[in-house]
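Every number here is computed from the coordinates shown, using simple stated rules; none is lab data. Every value quoted in this text rests on a predicted model; they were computed, and no experiment measured them. FYI the Cβ positions are ideal-geometry reconstructions off the backbone, even for glycines, and counts take in every protein chain you see.
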Amino acid sequence: MAPKKVCIVGSGNWGSAIARLVGFNAERLPGRFEKNVSMWVFEEEVDGRKLTEIINTDHENVKYLPGRTLPKNIIAIPDIAEAAADADFLIFVLPHQFIKRACAPLIGKLKPGATGLSLVKGFAILPGGGIKLISDLISEEMGIPVSVLMGANLANEVADEKFCETTIGARDSEVGSDLKLLFQTENFRVTVVSDTQTVEICGALKNIVACAAGFCDGLKMGDNTKAATIRLGLKEMMKYGDTFYPGGNASTYFESCGVADLITTCYGGRNRRVSEAFVTRKKSIVDLETEMLNGQKLQGPETAAEVNYVLAAKGLEADFPLFTAVHKICIGELQPEKLLDSLKNHPAHQ
């Protein structure tokens, strides 16, 4: 079997951290993968030099992952069609709002038999309202099958080779085996499951729960209340999966993509941090995004709004009181102190 070519579509903080793992394994396993891994880089200038030139010469993404070297077999390419040419595996790791625009040049040009892997957390918003899984969006746009990778994987810790786990959801067991080989290292351990939809919804919904955890911290509710918030949030994640994506496996929620990612996001992560500041500093989410994240958008409030649209349309808000309360707090319809009511009167206690 010919070695498989890999292309990474995206080169931000998480994309660059992943490039360290993929580049290492592609070089280590010459019988399975082509040595050189192409990485599509949105071209920009840093201190008068093109970012692709810096990556290919200095082997460092100085803008998005400063201080960590990239393997020399990671080749930065500014033209996405050139980067993806003849690729067997396309790893999508870019903000979901850029997927359609960035990937438009690839439509109809991918190698027959190519397969995708999405590392993109969140939901795609449908024009008329409602949501779609990012993997489904990519699959429909590109005409290829798409697996997913989600887990408790803060990018800088992965780049620093601190031990962690991740979950790959792949319906095709052969693809799952190849992807495990491509990503797993001594400090990045991979579990493969076939339940792709559950893996993916965990990566989106946990950010809503992280906002609730941040409100708890801002209100100084204590560790017991925060633990209850995380538990009830997990229950709502599982109920959402059962309601809208039936047939999933409950055990998937106890993989890294589920409970582990939920814990790390509710204790670290920017959704928790900004939500705490929302309570203590009495500023809007938009103002705090500008101040604390250089204008980058938080995923939690946006996902809460998208999910609430779906729940309200089906008359299910009362069945998901934590998700509903987070949304209403974020848009100013509910005071943060009222979060406690959603916990005290939760259906889980009936």
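A Cα-only calculation for region 55-184 places Rg and Dmax at 15.5, 46 Å. Here is how the number arises for the chain: DSSP H runs of 4 or more residues each give -39500 (n - 2.57), the sum is divided by the residue count, and the result at 222 nm is -14000 deg cm²/dmol. Ordered from longest to shortest, the equivalent ellipsoid semi-axes for region 273-334 are 24, 12, 8 Å, each the square root of 5 times a Cα gyration tensor eigenvalue. Summarising the label geometry, the points placed 7 Å from Cα in the beta-carbon direction at LYS235 and GLN335 lie 2.6 nm from one another. Among the trypsin sites (Lys or Arg not before Pro) found in region 1-84, those both in a DSSP coil and sparsely packed, with 13 or fewer other Cβ atoms within 10 Å of their Cβ, are LYS72. Across region 221-350, the convex hull enclosing all Cα atoms gives 118 Å³ per residue.
Within region 147-188, the GluC sites (Glu not before Pro) that combine a DSSP coil assignment with at most 16 other C-beta atoms in a 10 angstrom radius are GLU161, GLU186. Across VAL190, VAL307, VAL46, mean-square fluctuation computed from a Gaussian network of the chain (C-alpha pairs under 10 Å connected) peaks at VAL46. Computed from the Kirkwood radius of its Cα pairs, the Stokes-Einstein diffusion coefficient for region 16-106 at 4 °C and 1.567 mPa s stands at 94 µm²/s. Between amide H atoms placed 1.01 Å from N, distances below 5 Å from ILE75 occur with VAL37, SER38, MET39, all of them 5 or more places distant or on a separate chain. The longest stretch of the chain left intact once loop-based chymotrypsin sites (Phe, Trp or Tyr not before Pro) with at most 14 other Cβ atoms within 10 Å are removed from consideration, loops following DSSP, is 164-350.
With no solvent and one equal point scatterer per Cα, compute the Debye intensity ratio I(q)/I(0) for region 132-224 at 0.14, 0.20, 0.25 Å⁻¹ and report its log10, rounded to two decimals. Values, matching the q order: -0.64, -1.02, -1.22. Counting other C-beta atoms within 10 Å, and keeping those with at most 14, which DSSP coil GluC sites (Glu not before Pro) do you find in region 260-350? Here the sparse-neighbourhood loop sites are GLU333.
Comparing PRO301, PRO336, PRO95 in a Gaussian network model of the chain, where Cα atoms under 10 Å apart are tied by springs, the biggest mean-square fluctuation is seen for PRO95. Taking label positions 7 Å along the Cα-Cβ direction at both ARG32 and GLU44, the computed distance is 3.4 nm, reported to one decimal. Eigen-decomposition of the gyration tensor built on the alpha-carbon atoms of region 182-248 gives equivalent ellipsoid semi-axes of 27, 18, 9 angstrom, largest listed first.
Taking every alpha-carbon pair within region 71-142, the share separated by more than 22 Å comes to 23 percent.
Could you check which residue among LYS162, LYS314, LYS121 shows the biggest mean-square fluctuation in a GNM of the chain with a 10 Å Cα cutoff? Taking springs between Cα atoms under 10 Å, the residue moving most is LYS314.
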